[in-house]
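Structure, as structure tokens:
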Amino acid sequence: MTKTSDSVRAIAVLVTAVAQFIVGSIGGSGALGRPIGEVSASLETPIVPAGGAFAIWGLIYLGVLVLAIRQVLPSQWDRPVHRATGWWLVGAAIANMAWIVLFSQPLPGFAEIVIVALLVCLAVVLARLATFPTTGADFWLLAVPVAFYAGWVSVATVVGTAATGVWAGLPGTGGVAILLGVVMLVVTGLIAAVVTSAGPAPVAYALSVLWALGGIVVAGRPVLVVIAALVAAAIVIAAVVRRLLVDGTVRTRTKQPSRVA
């Protein structure tokens, strides 16, 4: 790659990060259609988190802005880690903005397709980060914001799937809806555990997943749904603890001096 293409990529990451922050900030007001909260309330399902849980978006957008500002510094332009992840971060920002617009219309079915694309972009970034030694600033200012973002979107995609079902005419209440919600939450916990076990910044990823699951627990949902959310949370916590123990063991072995026979 040339220095020009590197700078274009870096600027694109910054511009879309700022645009994402702006669109996200006004999306809840109804300026782009109906307020997102109003649309979400009209598509009530047993697994929607409490309204306060969505405040996490502020931290997500702030993390992405910090990430974008750092990578736009000239000293960062030609680094392989940014070359491997930059355009996927641009794609994630565009997908997020498209989701906000579509959900506000409201077109939740189309919005769900876009949020899946957003999750794919973030998953690619995490997978590529796993191939780099993300330590120091790369860990705190790149891996952590992306993992935190991906954790929330992982659960949001599942919640959006349930909302899309209601939009398409499926019942959002009753025994069938509760059973499906229970299954979806447990599967979400298992998938999150796999990501936590293998991906970079596992604690950041797990924290945002746990925040979403906690939002479901405190939202006054049916007992079975609350139990499923707690089970999913326990699965994620167990995966985090195991990952931290394994990483600690590996670091200890690496630091041990080799013995001469």
Check: Modelled label-to-label distance, Val194 and Phe139, 7 Å Cα→beta-carbon offset: nm?
Finding: 2.6 nm
Check: For region 3-252, what does the alpha-carbon gyration tensor say about shape, rounded, prolate or oblate, given a ≥ b ≥ c as the root eigenvalues, a/c under 1.5 as rounded, and a/b over b/c as prolate?
Finding: oblate
Next item on the list: Round to the nearest 10 and give me the degree value, 0 to 90, for the angle of helix 223-255's Cα axis relative to the longest principal axis of the chain.
Entry: 0 degrees
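In deg cm²/dmol, rounded to 500, what helix-only [θ] at 222 nm does the chain give when every DSSP H run of at least 4 residues adds -39500 (n - 2.57) and the total is split over its residues?
Working: 9 runs with 192 residues, N = 261.
That calculation yields -25500 deg cm²/dmol at 222 nm.
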Check: Ordered by packing density, taken as the mean number of other Cβ atoms within 10 Å over each peptide's residues, highest first, how do 66-72, 164-170, 236-242 rank?
Finding: 66-72, 236-242, 164-170
Next item on the list: On a C-alpha basis, how far is the centre of region 69-93 from the centre of region 195-246 in Å? Whole number, if you could?
Entry: 29 Å
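Every number here is computed from the coordinates shown, using simple stated rules; none is lab data. Nothing here was measured: the structure is a model prediction, and the numbers come from that model. Because the Cβ atoms are built from the backbone with ideal geometry, glycine has one as well, and the counts that use them run over all protein chains shown.
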